[in-house]
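Participant: Before we start, here is the structure in question, set down as structure tokens.
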Amino acid sequence: MKIVVLGATGTLGTKICQYLTAADHEVVEASRSRGVDAATGRGLHEVFTDADVAIDCLNIETFSTKKATSFFAKTSHNVIKAARRAGIDQLICVSIAGASDPKVNANNGYYKGKAVQEKIYRGSGLPVTVIHSTQWFELIEPLVRRVSLGPVTILPTMRMAAVAADSVARRVAEYAVSEPPNGVREIAIRGPEIATGAEIARAMLAERGRVSDRHPWVLQELPLLGQATATNGLIPHDAIIDEVTLEEWLRGAAEVI
């Protein structure tokens, strides 16, 4: 199969490409650095020609509702237009569990953007698989870098069933080569354990002595993103439960470092 991966240079996109390439599929790694800009539509027609599946795991680093909703509205509309023109068999939208819940995204502009993206793909009339991934273990490191000031780290309280990004990438690759749905297929993926982001960060600190390049002396959390995010709004009720625990992920990650 010929499969186009949009956002191929990101954490998840890179891993998806690796899984698909290992399975001997023809993988087109689409990103702005490779001349493809989904926000403007530049290069989409060329990479979609003769392709069977397109996977959208695009990302934008922003907390702004305006920027996120604008970006995801433009990219999803352009992808759908190009996919319809090329006769793509299936579109896969990689999203976030809970992002479309108004109680969750009320205080999170990025999640509002993802909610817009999901809605546009669902209404495209094309065979679409929407994959709702819970937050990755890997999310905690950049989050800690953003919210740390010297030795003090104050994280927003996020109760989650975190999952390894590698596991999500493997599942996405599997759905990419499966029979396309008749309409819209919704899949949720979560980890086997429930913890807050701060609890995961403390586990990282205990195992490695640091979180990314930070060594916080004080690591606390506050419900800055609202009650839904601080309780169970990010945890899908009906989901594929991955087997990789935080301890297993930490041991594996620590061996690589």
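No lab work stands behind these numbers, since they all come straight from the coordinates. This is a predicted model, so every value here is computed, not measured. Methodologically, a virtual Cβ is constructed for each residue, glycine included, from the backbone with ideal geometry; neighbour enumeration extends over all protein chains shown.
Participant: Say R0 is 51 Å: what FRET efficiency, to the nearest 0.05, do THR14 and LEU149 get from their beta-carbon distance?
Facilitator: Details: r = 31 Å, r/R0 = 0.60.
Rounded to the nearest 0.05, the efficiency is 0.95.
Participant: What lysines sit close enough to LYS74 to cross-link, taking a C-alpha to C-alpha distance under 18 Å and skipping anything fewer than 8 places away on the same chain?
Facilitator: Filter leaves LYS66, LYS112, LYS114, LYS119.
Participant: Hey, another quick one. Pairs of Cα atoms under 8 Å, at least six residues apart: use those to get the relative contact order of the stretch 2-251, whole percent. Could the numbers behind the result be given before it?
Facilitator: On the way: 528 pairs, mean separation 49.4, N = 250.
Rounded, it is 20 percent for the stretch 2-251.
Participant: Among ALA176, ALA239, GLY13, which residue has its Cα positioned farthest towards the positive end of the charge dipole of the stretch 2-251, with +1 placed on the Cβ of Lys and Arg, -1 on the Cβ of Asp and Glu, and the dipole taken about the Cα centre?
Facilitator: Farthest towards the positive end: GLY13.
Participant: Between ALA39 and ASP89, what is the spin-label point distance in nm, taking each point 7 Å from the Cα along the Cα→C-beta axis?
Facilitator: 3.3
Participant: For the chain, just the Cα atoms, rotate onto the principal axes and tell me the three extents in Å, largest first.
Facilitator: If we take the Cα atoms of the chain, the spans are 54, 38, 35 Å.
Participant: Measure nothing but the geometry: give the 0 to 90° angle between the long axis through the Cα atoms of 165-176 and the longest principal axis through the Cα atoms of the chain, rounded to 10°.
Facilitator: So the inclination is approximately 20 degrees.
Participant: Using only the alpha-carbon atoms, how far is helix 109-122 inclined from the longest principal axis of the chain? Give it as 0 to 90 degrees, nearest 10.
Facilitator: 30
Participant: Here is a further query. Quick one: angle between helix 197-208 and the longest Cα principal axis of the chain, in degrees between 0 and 90, rounded to 10, please.
Facilitator: Helix 197-208 and the main axis of the chain meet at about 70 degrees.
Participant: Averaging over every viewing direction, what projected area does the convex hull of the Cα atoms of the stretch 155-253 cover, in nm²?
Facilitator: Working: hull surface 31.1 nm².
Result: a mean projected hull area of 7.8 nm².
Participant: What ranking do TRP136, TRP249 get, fewest neighbouring Cβ atoms within 10 angstrom at the top? Before the final figure, lay out each step's value.
Facilitator: Working: TRP136 21, TRP249 24.
Ranking TRP136, TRP249 by Cβ neighbours within 10 Å, fewest first, gives TRP136, TRP249.
Participant: Of GLU179, GLU141, how do they rank once you tally other Cβ atoms within 10 Å and put the fewest first? Please list the in-between numbers first.
Facilitator: Working: GLU179 10, GLU141 19.
Lowest to highest Cβ neighbour count: GLU179, GLU141.
Participant: In addition: Cα to Cα, under 16 Å, and not fewer than 8 places away if on the same chain: which aspartates and glutamates meet these conditions relative to LYS81?
Facilitator: Candidates past the 8-residue exclusion: ASP37, GLU46, ASP50, ASP52, ASP56, ASP89, GLU118.
Participant: If you don't mind, another one. Calculated from DSSP H runs of 4 or more alone, at -39500 (n - 2.57) each and per residue, what is the 222 nm mean residue ellipticity of the chain, nearest 500?
Facilitator: Working: 10 runs with 104 residues, N = 257.
Roughly -12000 deg cm²/dmol at 222 nm, from the helical runs in the chain.
Participant: If you don't mind, there's one more thing I want to ask. Rounded to the nearest 5, what % of DSSP beta bridges with both residues in the stretch 2-251 are antiparallel? Mind showing how you got there, number by number?
Facilitator: Numbers: 6 of 39 bridges.
About 15 percent, rounded to the nearest 5.
Participant: Still on this model: Can you pull out the GluC sites (Glu not before Pro) in the stretch 151-257 that DSSP calls coil and that have at most 12 other Cβ atoms within 10 Å? The partial results should precede the final answer.
Facilitator: Numbers: sites: GLU174, GLU186, GLU193, GLU199, GLU207, GLU221, GLU243, GLU247, GLU248, GLU255; in loops: GLU193, GLU243.
Of the GluC sites (Glu not before Pro), the ones in loops of the stretch 151-257 whose Cβ has at most 12 other Cβ atoms within 10 Å are GLU243.
Participant: Arrange the peptides 47-58, 97-108 so that the one whose residues have, on average, the most other Cβ atoms within 10 Å appears first. Please list the in-between numbers first.
Facilitator: Numbers: 47-58: 22.1, 97-108: 19.7.
Final packing ranking: 47-58, 97-108.
Participant: I need the calculated FRET efficiency for the pair ARG122 and VAL177, taking r as the beta carbon distance and R₀ as 22 Å, to the nearest 0.05. Provide the component values of the computation, followed by the final result.
Facilitator: Numbers: r = 22 Å, r/R0 = 1.00.
It comes out at approximately 0.50.
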